[in-house]
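First up is the structure itself, then whatever we jot down about it.
Read the figures in this text as sums done on the coordinates, not as results from a lab. If you're wondering where the values come from, they're calculated on a predicted model, not measured in any experiment. Cβ placement follows ideal geometry from the backbone for every residue including glycine, while neighbour counts extend to all protein chains displayed.
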Amino acid sequence: MEQTELRPRTEVRPVTARQRAARAARNGGEPTLEFTERVPYDTYVHASTLHQLQQPLSGDPGEMSFLMVSQIMELYFSLTCHELRETTRLLRADRVWEALAPLRRAALHLEGLNAAWRGLRWMTPADFNRFRNLLGEGSGFQSAMYRHLEFLLGLRDPALIRPFRRQTDVYAELTDALATASVWDEVVALLARYGHELPAELLERDVATEHEAHPVVEAAWVEIYADDGPDNHLRMLGEALTEVAEQFGDWRHHHVKAVQRTMGAKVGSGGSAGLAWLQRSMARVVFPELWSARTAM
Ligand code: HEM
């Protein structure tokens, strides 16, 4: 794709409702067609910048959908991280009711992310093989934003930040993310503040490591769900978190299916055993006690 120069950063000029109405009256029902500079849409959305970012490696017409679906998923990973960071901020301040909004958005974005897999359903092993070698050792396994998302959700394998050691900014961000409490760590701390008796080993644990399911947290959720009254915000929080965990699980499931569909059990481009490695990775559960508690409800 032809490269065009990145445009200088300009500001979007705000307008009032009165100015908007005056403009519409002058336009006689038609949209504005004349601008003295770059259209404000592009100043805001940076669409022209986004559309410069597709650089396929082959002449294969199918590669573009593989590349762009990957980019679309990267944006969704980032957006979901944004919502989960907002969630942790609100939970830390005991604003449970308000935390439901970013959690709902996160679940909806994950739904959009999952729908993006449909754009790859056309791909047979022969289709993938036409450009696969050109991807070299490049693999989604090296997605820093996916790793951020896992860290926020509480899936924390510190070894998985090693690939980024030579990218100092990315490495520093991931190291920070590992040192910061996950959504689940914040939820556990919140439950303690709401009067559930939780052991110090849980509340003071090293957040850089993966949380292990704990029977006391499970018991707290059984108790919370026992009250199905409309004012039980913690039960609503539990359901909103469950939705996020389920949607994230669906992404992993769709990924494994896409892998099986396009490369069977061949080894991965990122150096792993492929399918077998992914199935092991999927065994790690997001918000584990929210699932296990249901047996006792
Ligand atoms: C059909 C196309 C795809 C195939 C065949 C495929 C294959 C694989 C394989 C084999 C792995 C294991 C690591 C390795 O490479 O050795 C992997 C990991 C991964 N891939 Fe894909 N992938 C595909 C599409 C995508 C897309 C579109 C994304 C979105 C960005 C993505 C994101 C990831 C992530 C985040 C991991 C790491 C998962 C984890 O840590 O559990 N993959 N992929």
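Give me the residue from the range 143-171 that is loosely packed, with under 15 Cβ neighbours inside 10 Å and not in a loop (DSSP other than H, G, I, E, B) and, out of that set, nearest to the ligand (Cβ to nearest atom).
Ala159
Just one of the numbered conditions (1) more than 9 Å from the ligand (Cβ to nearest atom); (2) over 23 Å from the mean Cα position of the chain (by Cα) is not true of Ala245; which one?
(2)
Based on this model, can you work out whether Ala258 counts as within 16 Å of the ligand (Cβ to nearest atom) and surrounded by 13 or more Cβ atoms within 10 Å (Cβ to Cβ)? First the steps, then the outcome.
On the way: within 16 Å of the ligand (Cβ to nearest atom): yes; surrounded by 13 or more Cβ atoms within 10 Å (Cβ to Cβ): yes.
Spelling it out, Ala258 is indeed within 16 Å of the ligand (Cβ to nearest atom) and surrounded by 13 or more Cβ atoms within 10 Å (Cβ to Cβ).
Filter the range 132-142 down to the residues that are assigned to a helix (DSSP H, G or I), within 11 Å of the ligand (Cβ to nearest atom) and of a type outside the set (Gly, Ala, Ser) and list them by number.
So the first thing to find is which residues in the range 132-142 are assigned to a helix (DSSP H, G or I), and the list is 132-135, 140-142.
Those still in the list that are within 11 Å of the ligand (Cβ to nearest atom) too: 132, 135, 140-142.
Answer for the range 132-142, where residues must be assigned to a helix (DSSP H, G or I), within 11 Å of the ligand (Cβ to nearest atom) and of a type outside the set (Gly, Ala, Ser): Arg132, Leu135, Phe141, Gln142.
When the range 267-283 is examined, which residues are found to be more than 8 Å from the ligand (Cβ to nearest atom) and surrounded by 13 or more Cβ atoms within 10 Å (Cβ to Cβ)? Walk me through how you get there before you give the answer.
To start, the set of residues in the range 267-283 that are more than 8 Å from the ligand (Cβ to nearest atom) comprises 276, 279-280, 283.
Hit for the range 267-283 is Gln279, nothing else.
Go through the range 222-277 and report how many residues are outside any helix (DSSP H, G or I), in contact (Cβ under 8 Å) with a residue 12 or more places away in the chain and touching a Lys or Arg at 6+ places or on another chain (Cβ under 8 Å). Full working, then the answer.
First pass over the range 222-277, keeping only residues outside any helix (DSSP H, G or I): 227-232, 264-274.
Among the residues that remain, those that are also in contact (Cβ under 8 Å) with a residue 12 or more places away in the chain are: 264, 268-272, 274.
Okay, now just the ones that are also touching a Lys or Arg at 6+ places or on another chain (Cβ under 8 Å), so 269, 274.
Residues in the range 222-277 being outside any helix (DSSP H, G or I), in contact (Cβ under 8 Å) with a residue 12 or more places away in the chain and touching a Lys or Arg at 6+ places or on another chain (Cβ under 8 Å): 2 in total.
Please count how many residues of the range 97-131 are out of contact with any Asp or Glu (no Cβ under 6 Å at 6 or more places or on another chain) and in a helix (DSSP H, G or I).
Of the range 97-131, the ones out of contact with any Asp or Glu (no Cβ under 6 Å at 6 or more places or on another chain) are 97-101, 103-104, 108-113, 115-129.
From what's left, in a helix (DSSP H, G or I): 97-101, 103-104, 108-113, 115-120, 125-129.
Result for the range 97-131: 24.
Cβ-Cβ below 6 Å, separation at least six or inter-chain, first residue in the range 174-192 and within 15 Å of Leu237 (Cβ to Cβ), second of a type in the set (Ser, Thr, Tyr) and part of a helix (DSSP H, G or I): which pairs?
From the range 174-192, the pairs are Val183/Thr87; Val183/Thr88; Glu186/Thr88.
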